[in-house]
1. Out of the residues in the stretch 1-24 that are open to solvent by 100 Å² or more (accessible area, probe 1.4 Å) and in a loop (DSSP other than H, G, I, E, B), state the one that is modelled with the highest pLDDT.
2. If I filter the stretch 83-93 for residues that are at pLDDT 80 or above, part of a helix (DSSP H, G or I) and not hydrophobic (A, V, I, L, M, F, W, C), do I get at least one hit?
3. Would you say ALA74 is modelled with pLDDT under 85, at negative phi, open to solvent by less than 70 Å² (accessible area, probe 1.4 Å) and part of a helix (DSSP H, G or I)?
4. Tally time: how many residues in the stretch 25-66 are surrounded by 10 or more Cβ atoms within 10 Å (Cβ to Cβ) and over 24 Å from the mean Cα position of the chain (by Cα)?
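The values are calculated or read from the model by the stated rules, or taken from the named source; none is laboratory data. Bear in mind the structure is a predicted one, so any value in this text is a computation, not a measurement. Positions of Cβ are backbone-derived with ideal geometry, glycine not excepted, and every protein chain shown enters the neighbour counts. For accessibility, only protein heavy atoms count, side chains too; no ligands or nucleic acids. Shrake-Rupley method; radii C 1.70, N 1.55, O 1.52, S 1.80 Å.
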Amino acid sequence: MDHRTPPGTIAPHIPAADWQRAQATGQPVVIVVHNTEPAGIPWRRIVIPFAVAGAAVAGGWGLVAALCFLLDAAAHTATVIAGAAGPIGLGGITLKLTRNKT
C-alpha cells in the first residue's frame, strides 16, 4: 500500500490533495453516503404474498373442479354399468338397478 493512498475502501471521489491535507493537519474527512433506497412501499414485499395466496386459491379451485369431474364421470359410469347389467338376483331376491325405458 502506498503512503499516499487512503487505507481501506473509501469513496473514490476524495481528491488525494484533500486526503493528504487532512492527514497533515489532523482534520477529519467526512464521507457522505447517499441512501439509494427509493421512498415509499417496497412493492415486491407486498406482491409476493398475494401471488402465493392467489396460486393457492387457483390450485384449490382446480382440485375442486377435478373432484367434481371425477365424481360426475363415476356417476355416469355406474349408471351405464347398471343399465347394461339388468336385474341382479341372489337367492331368489331380484334387485332392479335401473328403471325400464318404456
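1. Kept after step one, since they are open to solvent by 100 Å² or more (accessible area, probe 1.4 Å), are these residues of the stretch 1-24: 1, 3-4, 9, 12-13, 21, 23.
Filter once more, keeping what is in a loop (DSSP other than H, G, I, E, B): 1, 3-4, 9, 12-13.
On the way: MET1: 49, HIS3: 59, ARG4: 63, THR9: 58, PRO12: 59, HIS13: 66.
Filtering first and then ranking leaves HIS13.
2. First, pick out the residues of the stretch 83-93 that are at pLDDT 80 or above: none.
No, the stretch 83-93 has no match at all.
3. Numbers: modelled with pLDDT under 85: no; at negative phi: yes; open to solvent by less than 70 Å² (accessible area, probe 1.4 Å): yes; part of a helix (DSSP H, G or I): yes.
When the stated conditions are applied, ALA74 does not pass them.
4. The qualifying residues number 2.
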